[in-house]
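The structure appears right after this line, and notes come after that.
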Amino acid sequence: MTIFDKNKTPRVEIDLEKIHGNTKRLRSFFDQRGISMMCVTKGVLGNPLISRAMVQAGVKLLADSRIENLKRIRDAGIEASLVLIRTPSMGKIKDVVKYADISVNSEISVIERLSSEAGKTNKIHGIILMVDLGDLREGILPRDLGQTLLKIMPLTGVKILGIGTNLGCIGGVLPDQAKMDQLTSIARDLELRFNIRFDIVSGGNSANYNWVKSAGDIGRINNLRIGEMIFTGRETVDYARVEFLETNTISLVAQVIEVKEKESLPRGTITTDAFGKVPTFVDRGTITRAIVEVGRQDVLINGLTPMGDMEILGASSDHIVMNLMKRHVQVGDEIRFHMDYGAMLSAMTSPYIEKVYLNSPIAPMPGGH
Ligand SMILES: *Cc1c(COP(=O)(O)O)cnc(C)c1O
């Protein structure tokens with residue numbers, strides 16, 4: 001493993017114990033309602049230590065939209081079934097069969113390629129057929145499902161494990177009781193018509209939490225693909241806190257590189273800023289301003305909230321400018337930020353930001369790893 005300096009900045013601090021705890025509590029919440037959880041690792045690029053913490057919390061399925069991330073997990077020897085949750089591109093079929101046990105699919109031509117590639121390597125690749133219930137991203141339209149199933153059934157090397165849907169993404173469609181009932185009735189119809197039984201009926205993502213919480217009848221829904229709320233501790237419809245989850249599993253720490261008393265209004269003729277927008281500022285007289293050593297090239301600034309009573313005034317490629325309010329901060333001090341999921345994703349992707357792990361390892365892996 002890489003040796004890291006815990007005090008390097010800028011850094012993200014990844015609390016493996018909190019991620020483990022959130023995964024465990026969510027898994028048991030869903031388990032009690034007859035729903036299995038796939039942990040979605042794309043927000044952390046399939047990070048092996050985080051993936052391992054999830055598996056140690058009892059999760060059997062890890063899911064990611066990128067085959068490169070699944071390869072990372074596979075290469076780390078983590079024991080879980082791996083699911084590709086973006087329909088494979090033709091150019092990556094070989095890797096998909098090699099590194100993923102299951103993929104979501106919506107195109108027969110892709111499934112045919114998966115079938116022939118799996119045949120070459122004597123593998124059985126699992127297929128979850130995505131159904132579009134109106135969010136208008138991926139998925140086969142309900143009326144075309146029967147036709148597609150007919151074409152897949154004779155194929156060797158692939159096995160239909162079930163169906164799934166994804167709502168609340170492009171169209172912002174709410175995964176409510178009506179949508180889930182629709183998925184249930186689609187599943188039941190297909191099972192009857194083709195005399196099959198789906199192992200997986202995957203109803204959605206973190207946006208489904210409220211539905212699960214209040215649902216009287218979950219029907220045939222027996223799986224969800226959960227990423228964001230494990231990390232943020234919030235559901236993704238109203239972004240309300242989920243009381244039994246931790247919120248700061250991953251936070252950003254960066255150093256202050258300038259502190260000066262300056263006025264709050266720019267001097268001179270105001271034109272466009274570094275990103276082509278005309279900025280506006282409120283006149284608060286002279287304030288204590290700090291510059292922090294990260295900018296838009298590192299992280300999605302909109303998703304940052306400083307911990308403590310301070311505020312972000314603006315950001316350019318390499319700087320965040322802050323109002324320190326009443327806080328006493330010096331050059332070289334560290335400032336901590338809460339991150340939303342978008343900020344977290346960008347910070348985890350940035351090569352300029354150090355990754356530091358807290359509270360690891362949690363427990364020895366079963367089997368003595
Ligand atoms: C990203 C993704 C998820 C996970 O969504 P969260 O909001 O992070 O829970 C689930 N399904 C698919 C298809 C996805 O692309």
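The values are calculated or read from the model by the stated rules, or taken from the named source; none is laboratory data. Because the structure is predicted, anything quoted here is derived from the model rather than measured. Cβ placement follows ideal geometry from the backbone for every residue including glycine, while neighbour counts extend to all protein chains displayed. Accessible surface is based on the protein model in full, side chains and every heavy atom, while ligands, DNA and RNA are left aside. Shrake-Rupley method; radii C 1.70, N 1.55, O 1.52, S 1.80 Å.
Things to note:
- Sub-9 Å Cβ pairs linking a first residue in region 22-45 that is on the phi < 0 side of the Ramachandran plot to a second residue that is open to solvent by 50 Å² or more (accessible area, probe 1.4 Å) and within 12 Å of the ligand (Cβ to nearest atom), at least 6 apart or interchain, are Lys42/Arg66; Lys42/Arg86; Lys42/Leu345; Gly43/Leu345; Val44/Leu345, ordered by first then second residue.
Matching residues to (1) within 16 Å of the ligand (Cβ to nearest atom); (2) β-branched (Val, Ile, Thr); (3) farther than 19 Å from Asn205 by Cβ:
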| residue | (1), (2), (3) |
| --- | --- |
| Phe30 | yes, no, no |
| Arg33 | no, no, no |
| Thr41 | yes, yes, no |
| Pro48 | no, no, yes |
| Asp75 | no, no, yes |
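- Only one of Val83, Val12, Val97 that is under 25 Å from Leu114 (Cβ atoms), modelled with pLDDT of 95 or more and away from the ligand (no atom under 13 Å from the Cβ): Val97
- Within region 138-160, being open to solvent by 60 Å² or more (accessible area, probe 1.4 Å) and in contact with an Asp or Glu (Cβ under 6 Å, 6 or more places away or on another chain) holds for one residue alone: Leu141.
Condition check ((1) away from the ligand (no atom under 13 Å from the Cβ); (2) touching a strand residue (DSSP E or B) at 6+ places or on another chain (Cβ under 6 Å); (3) over 22 Å from Gly233 (Cβ atoms)) across all residues:
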{"position": "Lys6", "(1), (2), (3)": "yes, yes, yes"}
{"position": "Arg25", "(1), (2), (3)": "yes, no, no"}
{"position": "Met37", "(1), (2), (3)": "no, yes, no"}
{"position": "Val44", "(1), (2), (3)": "no, no, no"}
{"position": "Asp64", "(1), (2), (3)": "no, no, no"}
{"position": "Ile102", "(1), (2), (3)": "no, yes, yes"}
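- The selection criterion, being among the acidic types (Asp, Glu), assigned to a helix (DSSP H, G or I) and either more than 16 Å from the ligand (Cβ to nearest atom) or open to solvent by 20 Å² or more (accessible area, probe 1.4 Å) (or both), holds for Glu17.
- Only one of Arg193, Arg197, Arg188, Arg220 that is in a loop (DSSP other than H, G, I, E, B), in contact (Cβ under 8 Å) with a residue 24 or more places away in the chain, away from the ligand (no atom under 13 Å from the Cβ) and open to solvent by 20 Å² or more (accessible area, probe 1.4 Å): Arg220
- Filter result for Asp135 (acidic (Asp, Glu), away from the ligand (no atom under 14 Å from the Cβ), surrounded by fewer than 22 Cβ atoms within 10 Å (Cβ to Cβ) and without any contact (Cβ under 8 Å) to a residue 60 or more places away in the chain): no
- Among residues of region 136-148 being under 20 Å from Val83 (Cα atoms) and not in a strand (DSSP E or B), the one that is modelled with the highest pLDDT is Gly139.
- Residue, least open to solvent (accessible area, probe 1.4 Å), within region 233-262, restricted to residues that are among the acidic types (Asp, Glu) and free of Cβ contacts under 8 Å to residues at least 40 places away in the same chain: Glu235
- Filtered by the rule that a residue be under 28 Å from Asn210 (Cβ atoms), small (Gly, Ala, Ser) and in a loop (DSSP other than H, G, I, E, B), region 228-278 gives Gly233, Ala240.
- So Ile287, is it open to solvent by less than 40 Å² (accessible area, probe 1.4 Å), under 27 Å from the mean Cα position of the chain (by Cα), farther than 30 Å from Ala207 by Cα and of a type outside the set (Ser, Thr, Tyr): no
- Checked against (1) open to solvent by 10 Å² or more (accessible area, probe 1.4 Å); (2) more than 15 Å from the ligand (Cβ to nearest atom); (3) in contact with a strand residue (DSSP E or B) (Cβ under 6 Å, 6 or more places away or on another chain), Arg225 passes all but a single condition, namely (2).
- Residues located in region 200-217, provided they are assigned to a loop (DSSP other than H, G, I, E, B) and not aliphatic (A, V, I, L, M): Gly203, Gly204, Asn205, Gly216, Asp217
- Among the residues listed as Ile163, Ile170, Ile230, the single one being within 15 Å of the ligand (Cβ to nearest atom), open to solvent by 60 Å² or more (accessible area, probe 1.4 Å) and within 29 Å of Val97 (Cα to Cα): Ile170
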